[in-house]
Amino acid sequence: MITVKNLVKSFKGRRVLDDVTLEVKRGETMVIMGGSGCGKSTLLQHIVGAIQPDEGEIWLDGTNIIGLKEDRMNEIRRKFGILFQSGALFNSMTVAENVAFPLKEHTELSEEVIDIIVKMKLDLVGLKGFGHLMPSEISGGMKKRVGLARAIAMDPQIVFYDEPGAGLDPIVLAIIDKLIVDLSKKLGITSVVVTHEMGSAFRIADRMAMLHEGKILQIGTPEEMKNSKHEYVHNFINGLIPEESRT
Ligand SMILES: Nc1ncnc2c1ncn2[C@@H]1O[C@H](COP(=O)(O)OP(=O)(O)O)[C@@H](O)[C@H]1O
Ligand SMILES: [Mg+2]
C-alpha cells in the first residue's frame, strides 16, 4: 500500500532523513517510533505529499507521488485521512460540523447525506448524540475521537496519525489506542502511526519501525522488536533512553 524507497531529505545542509526505506502492507498498522527530532513527523509529511524529498521514491497504492501535480496529489489525498498532533478542531464549529468539513470541501454530497455520514462516523468513535456540542464543551479524549471521526469521514484507505496520544492521560490514551485498532480492523484501513509512547506502540502495532537520527534501525513485529539485539532499539523499548530525548 505504501512504499518509501531510499528517501533522503536535508534541511539547511543537515540530513534529517537518511536513506529511509519502508513498506506498509495493505490493512496493516505500522508504528514509527523514535525519540524527539529523529525525523518521524518529517517522514510522515513526505508520505502525505506535504514535503518533497531530495532523493528517493514514495509510492501510495501504486502511484509514485514524487513531483506529482497538485490536482493529482489532491485526488490521491482523498484516499487517506490524517490525524495530526496539530490537527486541532475548528473551535467555532460544532463537533458534527467538524466531521462534516472534509465532506463539504471535497464532495458534492447533499446536506442530508452528509448528516447521515456524520452520524455514522460519530457513532463509530463512540460519540453518538454529541454532534451538537462545541469543542470547548468536551474533554481532550473526546476531541481526539472527533478528530478520528473527521479523519475517517471520507472512508479513507489509509490513515496517518502523528502522536495521537499527545496530551492524553494514560487511561484515555489506552482507550484511544483501542479505538484506533478497532476502527482499523473493522474498516480494513492501512494505518501509519508515529509515536514515542512505547505502551501505545505495542498496543497498536502489527509491525514497527525504529527511527533514529533519520535512519531506520530496525523494522519488525512487536515480538521481534522486543527481542532486538540492536542496542539502541533495546534501550529505547525498555525505557533506558533518557526521558527528555523521547518526547
Ligand atoms: N522545515 C524544517 N526546516 C528545518 N529543520 C526542520 C524542518 N522540519 C523539521 N526540521 C528538523 O528536522 C529534525 C526532525 O524533525 P521532526 O521530523 O519534526 O522530528 P520528530 O517528529 O521525530 O520529533 C529536527 O531536528 C527538526 O528541527
Ligand atoms: Mg513529530
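No lab work stands behind these numbers, since they all come straight from the coordinates. Predicted, not measured: the structure shown is a model, and the values here were computed from it. No Cβ is skipped: glycine too gets one built from the backbone with ideal geometry, and neighbour counts run over all protein chains shown.
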Tilt relative to the chain, helix 170-187 - C-alpha long axis, 0 to 90 degrees, to 10: 80 degrees
Cα centroid of the range 145-185 to Cα centroid of the range 33-88, whole Å: 18 Å
³J(HN,Hα) computed for each position of the range 136-145 - Karplus, 6.51 cos²θ - 1.76 cosθ + 1.60, integer Hz, glycine/proline x: 5, 9, 10, 6, x, x, 5, 4, 4, 4
Nearest-20 debye value, the chain charge dipole, Cβ charges on Lys, Arg, Asp, Glu: 180 debye
Taking N as its residue count, the alpha carbon Rg of the chain over 2.2 N^0.38 Å: 1.01
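With both partners inside the chain, how many of the DSSP beta bridges are antiparallel, as a percent to the nearest 5?
Looking only at bridges with both residues in the chain, the antiparallel portion is about 55 percent.
Run the helix sum for the chain: -39,500 (n - 2.57) per DSSP H stretch of 4+ residues, divided by residue count, reported at 222 nm to the nearest 500 deg cm²/dmol.
Only helices count here, giving -11000 deg cm²/dmol.
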Compactness of the range 145-233 as Cα Rg over 2.2 N^0.38 Å, two decimals: 1.13
Segment Thr63-Glu224, length gained on full extension (0.36 nm per residue, minus Cα span): 54.9 nm
Hz values of 3J(HN,Hα) by residue in the range 207-218 - Karplus curve (6.51, -1.76, 1.60), Gly and Pro given as x: 9, 9, 10, 9, 9, 8, 6, x, 10, 7, 7, 7
Cα point-scatterer Debye curve for the range 1-131, base-10 log of I(q)/I(0) at q = 0.10 Å⁻¹: -0.44
Percent antiparallel among DSSP beta bridges (both partners in the range 128-247, rounded to 5): 50 percent
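So which chymotrypsin sites (Phe, Trp or Tyr not before Pro) in the range 5-95 end up in coil per DSSP with only 16 or fewer other C-beta atoms within 10 Å?
On the way: sites: Phe11, Trp59, Phe80, Phe84, Phe90; in loops: Phe84, Phe90.
Here the chymotrypsin sites (Phe, Trp or Tyr not before Pro) that fit, given the DSSP loop and packing criteria, are Phe90.
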For the range 149-229, size of Cβ-based charge dipole, Lys and Arg +1, Asp and Glu -1, in debye: 180 debye
Extended-chain gain in nm, criterion 0.36 nm per residue less alpha-carbon gap, Ile171 and Ser36: 46.3 nm
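For a test of the definition: using alpha carbon positions, the gyration tensor, and the 1.5 limit on a/c, classify the range 124-187 as rounded, prolate or oblate.
oblate
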Acute angle (nearest 10 degrees) that the helix 111-124 long axis makes with the longest principal axis of the chain, alpha-carbon atoms: 50 degrees
Gained length - Ser136 relative to Ser110, 0.36 nm times residue gap less alpha-carbon distance: 6.6 nm
On Cα atoms only, tilt of 95-106 relative to the major axis of the chain in degrees: 80 degrees
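For the chain, which span is the longest to avoid every loop-located (per DSSP) member of GluC sites (Glu not before Pro) having at most 16 other Cβ atoms inside 10 Å?
1-107
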